1. Over all distinct Cα pairs, what is the inverse of the mean 1/r for the stretch 172-271, reported as the Kirkwood hydrodynamic radius in Å?
2. Could you check the spin-label model distance between Glu78 and Tyr129? Points 7 Å from the Cα along Cα→Cβ, value in nm.
3. Quick one: grab Rg to one decimal and Dmax as a whole number for the stretch 110-321, Cα atoms only, in Å.
4. Peptides 223-230, 206-213: what's the order by average Cβ count within 10 Å, highest mean first?
5. Once Lys and Arg get +1 and Asp and Glu get -1 on their Cβ, which of Thr119, Val141, Ala273 lies farthest toward the positive end of the dipole of the stretch 110-321?
6. Between Ser192 and Asn35, what is the spin-label point distance in nm, taking each point 7 Å from the Cα along the Cα→C-beta axis?
7. Show me 123-130, 198-205, 62-69 ranked by packing, highest mean number of other Cβ atoms within 10 Å first.
8. Checking the cross-link filter: which aspartates and glutamates have an alpha carbon closer than 19 Å to that of Lys284, excluding same-chain neighbours under 8 positions apart?
Amino acid sequence: MPYIAPEVIEQARQIDLLTYLQACEPNELVRISPNNYTTRTHDSLKISNGKWMWWSHRIGGYNALDYLVKVKGISFVEAVETLMGRAAVMPSMVCTAPQKEQPKVLLLPEKSPSTDKVTEYLFGRGIDYGVIEYCISQGLVYESLPYHNAVFVGYDQENKPRYAAFRATNSTRIMGDCSGSDKRYSFRIADSRSEELHLFECAIDLLSYATLEVLAGRNWRANDLVSLSGVYLSRKRPEDSKTPVAVSQFLSETPHIRKISLHFDNDAAGRSASLALKAKLGDKYEIADCPPQYGKDYNDFLCRKLSISREKHSERRNELFSVK
């Protein structure tokens, strides 16, 4: 393979897709809103502030180099040569070093006019109809196109979508975060003004706990419920572990919280995360470790309680969808 100096490759990586298309393939670019674009060849490919997502192929990237390689099928060397050969006709600013922190632009998949698949999927996992209807009516959950995935949306204090997780409603069991998601605002149902915060690993566990509250005859919205979009294995010393950004953000917004209940999984990651949060926050808050009574997670517990038999599928996260 021909040698390309690392600094040349780095320059090529700094060219964003929108700038490249505007300068070199303007007829390919289609504007769909003030800050969002698609292409004439691939109408499911969405572009926003340099980041792009090709939804029909579940492929995403950050720059024009990724686009040329992943979408147009050009070899890496040819793609670098193409970009650097055309750099003269593009604004020079695109080749400067990027800032360390840039605002994330959330790319939400297209919304389906129907919610039948999502409702069927969630009800099939034991989630209460009333809980489902509330989430759909509030824009917390919707059904996407073209794959009819369930999309769980997190909002900031100004009610602006800042995070979204998708999960397939069929047997493929694909799941992940939408491009541009900010985990500080992960899926939550939290407007109770309660002094107690309940934490979960994912949205499905949160909704399962809400359903268990309904089954017990309690008001499931009496306390704040926040999902963390996954947990992590803590370091050897739990007190050295980092507090999940969703927890730090929520606690900074709600200084009245006094108690935190942890509803993590009955596995190594869940137990480790519980120990870590106890070590990090135990001096400021009352911490209660509340794993499911049996089963791996709260949805497993709920399904067993309701005698729902679910075929287990190995779930995987497609990292191309996740922008950390």
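What follows is calculated from the coordinates using simple rules that are stated; it is not laboratory data. Computed from a predicted structure; not experimentally measured. So basically every Cβ, Gly included, is an ideal-geometry build from the backbone, and we count neighbours across all protein chains shown.
1. Working: mean 1/r = 0.0688 Å⁻¹.
After inverting the pairwise mean of 1/r, the radius is 14.5 Å.
2. 5.7 nm
3. Values for the stretch 110-321 (Cα only, Rg and Dmax): 16.4, 49 Å.
4. Working: 223-230: 22.4, 206-213: 25.0.
Put in order of decreasing packing, that is 206-213, 223-230.
5. Sorting the options by dipole projection puts first Ala273.
6. 3.3 nm
7. Details: 123-130: 16.9, 198-205: 25.1, 62-69: 21.8.
Ranking, from highest mean packing down: 198-205, 62-69, 123-130.
8. Within reach: Glu195, Glu196, Asp224, Glu239, Asp240, Glu253.
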